[in-house]
1. Among the residues in segment 166-184, are any at pLDDT 90 or above and not in a helix (DSSP H, G or I)?
2. Give the residue, chosen from Leu164, Leu185, Leu156, that is touching a strand residue (DSSP E or B) at 6+ places or on another chain (Cβ under 9 Å) and farther than 16 Å from Asn111 by Cβ.
3. Any chance segment 41-56 includes a residue that's surrounded by 14 or more Cβ atoms within 10 Å (Cβ to Cβ) and in contact (Cβ under 8 Å) with a residue 24 or more places away in the chain?
4. Which of the helices (runs of 4 or more DSSP H) found entirely inside segment 59-107 contain at least 1 residues meeting this: touching an Asp or Glu at 6+ places or on another chain (Cβ under 8 Å) and within 18 Å of Tyr117 (Cα to Cα)?
5. Only residues that are assigned to a helix (DSSP H, G or I), open to solvent by less than 60 Å² (accessible area, probe 1.4 Å) and of a type in the set (A, V, I, L, M): list them for segment 185-203, please.
Amino acid sequence: MHPPADPARVHRFARAERWVHRGTAALMLVCLATALMLYYPPLSELVGRRRLVVLVHEWCGLLLPVPLLLGLASRALRADLARLNRFTDADRRWLRAVRRRSYDRPAGKFNAGQKLYAAWIAGAVLVMLGTGLLMWFTHLAPLVWRTGATFVHDWLAVAVAVVLAGHVWMAVRDPEARRGMRTGLVDRHWAVREHPGWDPQEERRSR
C-alpha cells in the first residue's frame with residue numbers, strides 16, 4: 001500500500017484488519033441481539049419464531065472466529081497480533097498512570113488497555129464457543145457438564161455485553177480512533193499524542 005498523499009495523516013490499519021474488525025463486530029452483535037431475544041421475555045414474545053432465532057444465534061457464534069482466521073493471510077494483521085500479544089514495561093507504566101489519573105501514558109501502537117481488552121475478548125469468545133458447542137450437541141457431554149456450560153455461557157454473555165458496551169463508549173469518545181478503523185488513516189498529531197511509542201513507518205514495512 002502506498003503512503004497517504006496527505007502528510008498530516010498516517011496509516012494505522014490495513015484493509016484486511018478493518019474488514020476483520022467489521023466482520024467480527026457484526027457477528028458479535030447478532031449473537032448478543034439474538035441472545036436478548038431468547039432470554040428477555042418481552043422480546044421473545046415480540047419476535048416469535050424461536051427456532052429461527054436459535055439457529056441464527058448458533059451459526060453466528062460458530063462463525064465468530066472465521067473473520068480472524070481468514071485475516072491471518074494479512075501480514076499487517078499478523079504483525080498487529082504480535083504487538084497485542086506483547087506486554088511491556090511501558091504497558092505497566094500506562095496502567096499505573098491510569099490509576100493515578102496521569103496523562104503521561106507511554107504506549108506503542110496499542111496501549112495496555114487495548115491489549116487487555118483484546119486478550120479478554122479472545123478468551124471469552126473461545127469459552128463461549130466451547131460452552132455453546134456443549135449446549136448445541138447434547139451428546140458430547142453428560143447432563144452435569146451441559147448444565148455447567150449453560151451457566152457459564154449465560155453469565156459470560158452478560159459480561160461480554162458489558163465489556164463491549166465499554167468498548168463502544170470509548171470509541172464514541174475518540175472520533176480519530178474510529179476514523180482509523182473506518183478509513184485506515186489517522187491524524188499524525190493524534191498518533192504522537194495517544195501512541196508516542198508507535199512508529200507509523202512500521203506500517204509500511206508490514207504491508
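1. Checked against the condition, which is being at pLDDT 90 or above and not in a helix (DSSP H, G or I), segment 166-184 yields at least one hit.
2. Leu185
3. Yes, that holds for at least one residue.
4. 75-84, 89-99
5. Ala191
The values are calculated or read from the model by the stated rules, or taken from the named source; none is laboratory data. Not measured: the values here are computed from a predicted model. Note that we place each Cβ from the backbone using ideal geometry, even for glycine, and neighbour counts take in every protein chain shown. The protein model used for the area step is the full one, side chains on, heavy atoms only, and it has no ligands, DNA or RNA in it. Shrake-Rupley method; radii C 1.70, N 1.55, O 1.52, S 1.80 Å.
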